[in-house]
Amino acid sequence: GVSASSPLQAAAARQTDGPSARGRRRTPLAAPHARAFMSALAAKMLLPLAWATLLPSSVTVCLGSEMAFVEVTPADDISINTLDSIARPMVGRQGLFASDPMVAHDWASTEVLDRALDAEIVASEQYPESAAAARQRRTEEELRPVFEALPKNAYGRLDNATSRYALHRYFSGAHGWSLKGLEPAGAAWVNVLSVSSDVRQVTKYILPGVVHQRILARAGHDRGLDLRLLAIWAATMEHMTHGEAFEYLAAVFQSLGLGVGVPRTPSEVEEIVLFFLVAYAFGTDFEVSSAADIRSTLRYLDAHHQGWRELRGFALDMLQATRPPPSDFRSLGSFLERLMQRYASWQERDCSRARELLRAAASASPGRVLYDKLEPVAEPGHRELFREDQEYLVRLGAIANASIGEPVIIAPNYLLSQAMCLTTASFHKVCCRSECDQFLEQVERRARAPAASAAMVAAALAPALAASAGADLAGRIHELELLAERDGGEVRLHSDGFAEWLHRAFPWECPAPGGRSRTNPKTAAEWMADPGNNTVDTEELMLEIADVLSRYTTLGSDQTERVDSGTSLSSERRREALQEVLVEYPHRARVARGRGPSGRRLTLRSVFQSLALVAMACLAGSMGRSAFNSAVEALEVTRPSPQKRRQEAPARHEVPVDRLAV
């Protein structure tokens with residue numbers, strides 16, 4: 001309650017004609033009195049928000065992003081150590097200047113995951129004539145060559161690392177996508193974190209590993225994946241991508257205030273497509289952005305971002321060429337799925353441009369370009385290229401001779417690094433396709449085994465090898481024979497040794513082994529490397545990808561509006577905190593990111609909307625002293641004691657919350 005002399009009761013008293021309001025008709029509220037009343041009411045209503053902003057670790061509902069380390073002791077006691085950090089909601093074009101423009105889209109529901117996985121398993125086992133089962137069989141056939149060629153475990157199946165690489169090859173070839181979290185860094189959490197049944201959401205960068213675990217759990221063993229289970233894994237990821245496209249479409253309809261059961265006009269369809277595209281490619285958050293906010297974002301992009309103008313034209317040209325034109329919800333969803341497919345091919349034009357520029361630059365040797373001679377390139381309508389500094393390229397494994405001699409960029413390593421990837425709001429990134437995979441696939445299809453003779457490899461690659469090696473063809477074949485002798489008589493197709501030979505034979509197409517293999521794998525051996533147990537690698541992977549996109553979303557601007565989207569903590573401090581907790585409690589720690597108890601993110605917009613409804617209800621009711629006191633008591637918030645906050649900590653975080661899982 002409040003004292004009798006509080007501003008609220010004083011404002012209420014001034015509404016009456018005399019000392020008592022009982023039994024008397026109220027006069028209209030004078031303007032000064034109305035202002036005093038509204039100011040006092042606003043002060044009381046904003047008090048809970050002030051507490052929530054100042055004390056993120058002490059409130060039941062946490063706003064934005066709160067990082068917490070949840071330690072479960074052997075006695076099942078829970079202690080929560082919180083790093084206070086508020087995530088800023090990025091409204092409209094603010095997201096373009098965020099340090100992580102896709103931060104609002106990097107989470108996936110485990111409930112949706114389970115439904116998608118169950119649907120694919122049921123289709124495979126109980127409905128073999130269904131369309132879903134037919135798609136799985138086609139996926140199996142596409143996976144078969146790489147499955148047969150990869151090394152197997154003692155059960156004749158693929159273990160976690162080899163199955164992740166097989167899935168990477170499938171999505172890269174079939175869709176031009178690189179799934180988030182398939183890199184070794186995306187599996188580093190497996191040995192140190194657990195995703196239990198009460199976890200509601202996980203970051204998309206660990207989602208593939210979660211799907212892998214749940215497939216094995218439903219199979220009832222831990223012996224690895226056969227071809228059928230590998231196809232189910234791929235089908236589940238495609239299923240979730242399909243569902244999310246329609247989920248984003250529904251959010252667009254809701255943002256525009258459109259009903260899903262009515263065909264839309266051509267102008268409405270065009271706006272729907274652009275709304276979807278600005279979220280898919282630039283990360284605009286529909287939860288906190290109104291239709292007016294998004295239209296303002298589109299106008300800003302039209303005026304300042306030349307890459308957007310090209311992308312907008314590409315999407316609208318594709319829309320105009322679609323027959324019959326999409327008009328209802330289902331046909332629009334199908335069109336947007338095709339747009340996601342074509343987006344990868346459209347972005348490949350920058351990869352082709354980078355290849356041409358690298359070949360034309362001053363080279364130290366085939367496939368290697370002098371770093372000091374390579375000038376940054378910025379062309380209208382295209383991404384900026386070669387603006388990375390030397391230290392950054394070393395981290396990406398794209399540069400050689402950094403410490404001795406003249407540094408050189410390894411062309412295919414640069415093209416296959418995160419520097420050339422653009423993440424999306426979906427489960428995948430769009431990266432440059434590996435030209436080397438075609439050579440590896442030719443050998444795999446002929447060998448149908450993890451190893452092959454030198455003669456078989458040379459025969460499979462004969463035309464391309466002759467064109468690339470020229471007069472040195474005999475030397476290349478001799479090197480291959482020596483490699484086979486060293487490996488016991490046959491060439492191991494996914495080894496570092498064969499990757500080195502491929503780089504020498506095809507220096508412009510095939511990457512050199514080495515570098516940041518956990519976050520930037522480029523060869524088969526690096527993709528299949530042991531991920532270790534350091535989740536800092538996962539965090540580093542996410543930061544690298546976010547940094548590249550943030551440079552793209554601000555293309556053409558001076559970046560004066562740049563803001564931090566993730567947390568008030570520096571990246572270095574976050575990594576130190578993660579390392580400290582996970583090293584000290586490697587098998588009992590969860591790293592968590594705060595959400596409301598329902599699992600749905602709360603935003604300042606939703607808080608203000610709720611407060612506005614409370615204000616309207618208060619104003620609509622009686623303005624008498626008793627009603628006023630009731631409203632005040634309902635709105636009054638007191639800060640709990642530290643002891644009470646500690647006691648209520650497990651109840652507040654009824655789901656452990658995380659940078660990786662919620």
The stretch 354-426 pair-distance distribution - Cα-Cα, 10 Å bins, rounded %: 19, 55, 22, 4, 0
Ratio of the stretch 398-461's C-alpha Rg to 2.2 N^0.38 Å, to two decimals? 1.56
Given a 1.4 Å probe, how much area per residue of the stretch 179-305 is accessible, in Å²? 32
If we sort 128-134, 162-168 on the protection proxy, mean other Cβ atoms within 10 Å, highest first, what's the order? 162-168, 128-134
Span from the the stretch 230-248 Cα centroid across to the the stretch 399-448 one, whole angstrom: 25
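Over the Cα atoms of the stretch 303-368, Rg to Rh with Kirkwood Rh, two decimal places?
Radius of gyration relative to Kirkwood radius: 1.20.
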Ordering K152, K373, K429 by accessible area with a probe of 1.4 Å, largest first, what comes out? K373, K152, K429
Over all alpha-carbon pairs of the stretch 247-342, lay out the pair-distance distribution in 5 Å bins, whole %, shortest bin first. 2, 13, 28, 25, 21, 9, 2, 0
Which value results for Rg/Rh of the stretch 183-299 when Rg is the Cα radius of gyration and Rh the Kirkwood radius based on the inverse mean 1/r? 1.10
Cβ crowding within 10 Å averaged over residues, with 206-217, 464-475 ranked highest first: 206-217, 464-475
How large is the accessible surface per residue of the stretch 90-176, computed with a 1.4 Å probe and reported in Å² as a whole number? 40
The stretch 486-501 and the stretch 113-139 have their Cα centres apart by a whole-number Å value of 37
Once all protein chains are kept in place, E435 shows an accessible area at probe 1.4 Å, nearest 10 Å², of 60
Area of Y392 that stays accessible when all protein chains are in place (1.4 Å probe, Å², to 10): 20
Largest first, how would H382, H494 line up by accessible area (1.4 Å probe)? H382, H494
Using a 10 Å cut-off on Cβ atoms, rank the peptides 444-453, 100-109 from the highest mean neighbour count down. 100-109, 444-453
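Can you check how the C-alpha radius of gyration of the stretch 82-222 compares to 2.2 N^0.38 Å, as a plain ratio?
Values: Rg = 17.8 Å, N = 141, 2.2 N^0.38 = 14.4 Å.
Normalised Cα radius of gyration, the stretch 82-222: 1.23.
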For H478, the accessible surface traced by a 1.4 Å probe with all protein chains present amounts, in square angstrom to the nearest 10, to 100
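Report, to the nearest whole %, how much of the accessible area of the stretch 273-429 belongs to carbon and sulfur atoms, 1.4 Å probe, protein only.
Answer for the stretch 273-429 is 48 percent, counting heavy atoms of protein chains only.
The values are calculated or read from the model by the stated rules, or taken from the named source; none is laboratory data. Bear in mind the structure is a predicted one, so any value in this text is a computation, not a measurement. Because the Cβ atoms are built from the backbone with ideal geometry, glycine has one as well, and the counts that use them run over all protein chains shown. Surface accessibility is based on the protein's heavy atoms, side chains included, excluding ligands, DNA and RNA. Shrake-Rupley method; radii C 1.70, N 1.55, O 1.52, S 1.80 Å.
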